[in-house]
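**Q** Please see the structure below; I have some questions.
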Amino acid sequence: MILLPAIDIRGGNAVRLYQGDYDKEKVYSDDPVKVVLSFKEAGASAVHLVDLDGALEGSPVNFSVIKEIIAACGLFAEVGGGVRSLERIEQYLKTGAGRVILGSAAVHNFPLVGEAVKFFGDRVAVGVDAYGGKVATGGWKNVTGLDAFDFCKRLEDCGVRTVIYTDISRDGTLAGTNLNAYKKLKELTKMDIVASGGIADISELIKLKEMGVSGAVLGKAIYDGAIELKEAVEAVKDAG
């Protein structure tokens, strides 16, 4: 299982939100490049980058910042937030991103998912953000009536290989991740599942790895010191 420390970018700063609420923002650094280099020093091999402004506005706003982060760190980077077209996917891939995440666009323009998979294969992932079991879009502002698990099955049928599944109610809370959701997803699909939202303890990472989850996004836990990234990397590695 790969660990992906997260850098959520708003106004060029590295921030964290509470349950995806843009009004509950905490700025952790005005130098995201410095943050990613600290992750690399701690042993991270990958990073999860999100343009929060882009997610709201529907187009990359912090593109230049993300490009700079990728160039500086040399890590595998998955990037999301405001990606709405094949052109945007290609733009990020050309900057060196290893994987680009479709979010709201996958819901509102489902045919785009198939086209993206056709052109870019497993370098495209889909972020499924759920609140109360329903898919949310538009920077998590709009909760649809779409069942999150059913949507994941549709994505698999469309050829998607990787889903980043976030339980919004857990995100940024340090209340523990939704282990049951990931267990169910592993039973329902054969996709690579990346867990995101609420991970607060290394023991949760071990449990996720044991159930076959392929990756885990770490946010507030490492920023606030609940999890030491270096220890987490070693623990997951030692878990076999």
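**Q** Quick one: would you say residue 125 is in contact (Cβ under 8 Å) with a residue 12 or more places away in the chain, under 15 Å from the mean Cα position of the chain (by Cα) and part of a strand (DSSP E or B)?
**A** Values: in contact (Cβ under 8 Å) with a residue 12 or more places away in the chain: yes; under 15 Å from the mean Cα position of the chain (by Cα): yes; part of a strand (DSSP E or B): yes.
Yes.
**Q** Right, next: Give the residues of the stretch 29-49 that are more than 21 Å from residue 195 (Cβ to Cβ) and either assigned to a strand (DSSP E or B) or of a type in the set (D, E, K, R) (or both), sorted by residue number.
**A** Residues satisfying the conditions are 29, 30, 31, 34, 40, 41.
**Q** OK, next. Got a number for residues in the stretch 210-227 being surrounded by fewer than 21 Cβ atoms within 10 Å (Cβ to Cβ), under 19 Å from the mean Cα position of the chain (by Cα) and of a type in the set (D, E, K, R)?
**A** Total satisfying the criteria: 1.
Quick grid of which residues meet (1) touching a Pro at 6+ places or on another chain (Cβ under 8 Å); (2) farther than 20 Å from residue 53 by Cα; (3) not small (Gly, Ala, Ser):
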position	(1), (2), (3)
98	no, yes, no
102	no, no, yes
106	no, no, no
111	no, yes, yes
114	no, yes, no
125	no, no, no
133	no, yes, no
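**Q** Filter the stretch 63-100 for residues that are open to solvent by 10 Å² or more (accessible area, probe 1.4 Å), of a type outside the set (Phe, Trp, Tyr), outside any loop (DSSP other than H, G, I, E, B) and touching a helix residue (DSSP H, G or I) at 6+ places or on another chain (Cβ under 8 Å) and give the result.
**A** Selection gives 65, 68, 72, 86, 90, 91, 93, 99.
**Q** Another question, if that's okay. Being in contact (Cβ under 8 Å) with a residue 40 or more places away in the chain and open to solvent by 70 Å² or more (accessible area, probe 1.4 Å), is that true of even one residue in the stretch 145-160? Walk me through how you get there before you give the answer.
**A** Narrowing the stretch 145-160 to residues in contact (Cβ under 8 Å) with a residue 40 or more places away in the chain: 151, 154-155, 158-160.
Narrowing further to those that are open to solvent by 70 Å² or more (accessible area, probe 1.4 Å): 154.
For the stretch 145-160, residues in contact (Cβ under 8 Å) with a residue 40 or more places away in the chain and open to solvent by 70 Å² or more (accessible area, probe 1.4 Å): present.
The values are calculated or read from the model by the stated rules, or taken from the named source; none is laboratory data. What you see is a predicted model; the values in this text were computed from it and never measured. In this analysis, Cβ positions are derived from the backbone assuming ideal geometry, glycine residues included, and neighbour counts consider all displayed protein chains. The area values use the complete protein model at the heavy-atom level, side chains included, leaving out ligands, DNA and RNA. Shrake-Rupley method; radii C 1.70, N 1.55, O 1.52, S 1.80 Å.
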